[in-house]
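The structure appears right after this line, and notes come after that.
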Amino acid sequence: MTLKTTKEILDFLNKEYEGDKRVRGMKALNLCKELELERMKEIETIKEYFDKLLGIVNNVKLLGTDFSDSRIVQKLLIAILERFETTILSLENMKDPSTIILAELLNAL
C-alpha cells in the first residue's frame with residue numbers, strides 16, 4: 001500500500017479509525033442512547049453532570065451528527081434532581097422552555 005498525498009493518508013486514517021458512514025452512524029446512535037439514559041446522581045454537582053453530558057454531545061458532533069443546544073437544555077430540565085425543581089419551575093414560569101438558552105439555564109442552577 002502506497003499513499004502518496006496527504007489527502008490519501010487522511011482519508012485512510014479516517015476510514016481506519018472512525019469507520020465508514022454506517023459505523024459512524026451506529027456510534028452516534030449509541031452515544032445518543034447513552035445520553036438519553038444518563039441521569040444525574042445525588043453526589044454530582046450541576047457542573048459535573050453538565051460536563052458529562054457535554055462530553056457525550058461533543059463525541060456525537062465529532063461523528064458528524066447535528067445536536068442542538070435546545071436538546072441539551074431539554075435533557076437538563078428533565079434529568080436533574082428534584083432539589084432543583086423550584087429553580088426550574090421559576091425559570092419555566094418566566095420564560096418559555098423552548099427559548100431558554102444553555103448558559104441561562106446553567107447560571108440559574
Discussion item. Can you find, within region 74-88, the residue that is nearest to the chain's Cα centre (by Cα) among those that are closer than 10 Å to LEU105 by Cβ and among the aliphatic types (A, V, I, L, M)?
Written reply: LEU76
Practice prompt. Please tell me if LEU37 is touching a residue at least 12 places away in the same chain (Cβ under 8 Å) and within 19 Å of GLY55 (Cα to Cα).
Written response: no
Item to complete: Find the helices (runs of 4 or more DSSP H) located wholly in region 25-109 whose residues include 1 or more that are of a type in the set (Lys, Arg) and loosely packed, with under 12 Cβ neighbours inside 10 Å, and list them.
Response: 46-62
Item to complete: Mind listing just one residue for me: the one in region 1-24 that is of a type in the set (Val, Ile, Thr) and part of a helix (DSSP H, G or I) and, of those, farthest from the chain's Cα centre (by Cα)?
Response: THR6
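Each reported figure results from applying straightforward, stated rules to the coordinates on display, with no laboratory input. For clarity, every value in this text was computed on a predicted model and none was experimentally measured. Note that each Cβ is placed from the backbone with ideal geometry, even for glycine, and that neighbours are counted across all protein chains shown.
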